[in-house]
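Please read the structure below before turning to the comments.
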Amino acid sequence: MLTIHMGPHKTGSSFIQRRMVQNRALLGPQFQTVVQKDLPLFSLVEAIHPIRTRPSAIGAAATIRERSRLLGKIFAEAENTLISSEDLMGPLPSRAGITGLYPFAEVIMPAIMQGFEQANAPFQFVFYRRNYGEWLRSVYRYRFRHAPDRAFAPKQFKKRHGLPENWDAFLVRLTEAVGAGHLRILSFEQDRASGHFGQGLFDLAGVSRAVQAQFAPLDPVNVSQPETVDPKHWL
């Protein structure tokens, strides 16, 4: 089974990926981990990252499908494989040339699925749903990380970048794109409150709690809002 963690951005993805790499030896050969810098996931993300228009998404679909097929073929026989990249749905919302909330996911995600299906690799997608207001603030802080005193103006930020008021409409779109049977939605806040961030994802990927309890402590990674971090949530 392929478990594909697709973020979104600013929901602890860097922490999860660091944890995956840090514990590869502990997880053993029966459990494969693939992060964004690993080939061929890197190759797949490289096909997605330049997309800025719907025609360019449609034009890239065949390449995305083929690179997903190759990724799926490599790990189709593995007992469990956890793949993580927050860029699979497209670039971070509000980046130059991006208007809306992952506006091309309806083109990108079916192409990824088709590639996995061609490789006969069963799969599930995992999405961490974070409080939308906090997520938006974190995106803003990341975008303007070199100006930490810049005031956050959510109404203006949403209007400028065509962002909605909440996740609801996007999650309807995403569910329609991948199918409810392939999509697992986890609560960012509940997972963080467990005391072991990423626990819900590792559970879905087939990592036992006994193995997770042996994970080495890890500090938060790539944090945009340090004031929101309680260290005991990120063991």
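The values are calculated or read from the model by the stated rules, or taken from the named source; none is laboratory data. None of the values given here were measured: they were computed from a predicted structure. FYI the Cβ positions are ideal-geometry reconstructions off the backbone, even for glycines, and counts take in every protein chain you see.
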Seminar exercise, completed: Note on segment 196-234: residues farther than 17 Å from GLY7 by Cβ, at pLDDT 65 or above and in a loop (DSSP other than H, G, I, E, B) are GLY206, VAL207, SER208, ALA213, GLN214, PHE215, ALA216, PRO217, LEU218, ASP219
Seminar exercise, completed: Residue count, segment 62-83, condition small (Gly, Ala, Ser) and either surrounded by 20 or more Cβ atoms within 10 Å (Cβ to Cβ) or in contact with a Ser or Thr (Cβ under 9 Å, 6 or more places away or on another chain) (or both), comes to 2
Exercise. Would segment 143-166 turn up any residue that is in contact with a His (Cβ under 7 Å, 6 or more places away or on another chain) and modelled with pLDDT under 95?
Worked result: no
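Output the residues belonging to segment 3-30 that are within 14 Å of the chain's Cα centre (by Cα) and not in a helix (DSSP H, G or I).
Residues of segment 3-30 within 14 Å of the chain's Cα centre (by Cα): 3-18, 20.
THR3, ILE4, HIS5, MET6, GLY7, PRO8, HIS9, LYS10, THR11, GLY12, listed by residue number.
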Exercise. Would you pick out the residues in segment 62-98 that are touching a helix residue (DSSP H, G or I) at 6+ places or on another chain (Cβ under 6 Å) and over 27 Å from LEU201 (Cβ atoms)?
Worked result: THR63
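From the set of residues in segment 101-112 that are in a loop (DSSP other than H, G, I, E, B) and hydrophobic (A, V, I, L, M, F, W, C), which is surrounded by the fewest Cβ atoms within 10 Å (Cβ to Cβ)?
The initial filter retains those residues of segment 101-112 that are in a loop (DSSP other than H, G, I, E, B), namely 101-104.
Adding the requirement that they be hydrophobic (A, V, I, L, M, F, W, C) leaves 101, 104.
On the way: LEU101: 24, PHE104: 22.
Looking at residues that are in a loop (DSSP other than H, G, I, E, B) and hydrophobic (A, V, I, L, M, F, W, C), I get PHE104.
Hey, does segment 31-41 have a residue that's over 24 Å from MET113 (Cα atoms) and assigned to a helix (DSSP H, G or I)? Spell out the reasoning first.
Here is the first cut: in segment 31-41, the residues over 24 Å from MET113 (Cα atoms) are none.
Checked segment 31-41: no residue is over 24 Å from MET113 (Cα atoms) and assigned to a helix (DSSP H, G or I).
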Exercise. Are there any pairs with C-beta distances below 7 angstrom linking a residue in segment 84-100 that is surrounded by 15 or more Cβ atoms within 10 Å (Cβ to Cβ) to a residue that is of a type in the set (Lys, Arg) and not in a loop (DSSP other than H, G, I, E, B), with the two at least 6 apart or on different chains, and if so which?
Worked result: SER94/ARG143
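SER56 - would you say it is in a helix (DSSP H, G or I), over 21 Å from ARG129 (Cβ atoms), under 19 Å from the mean Cα position of the chain (by Cα) and small (Gly, Ala, Ser)?
Working: in a helix (DSSP H, G or I): yes; over 21 Å from ARG129 (Cβ atoms): yes; under 19 Å from the mean Cα position of the chain (by Cα): no; small (Gly, Ala, Ser): yes.
When the stated conditions are applied, SER56 does not pass them.
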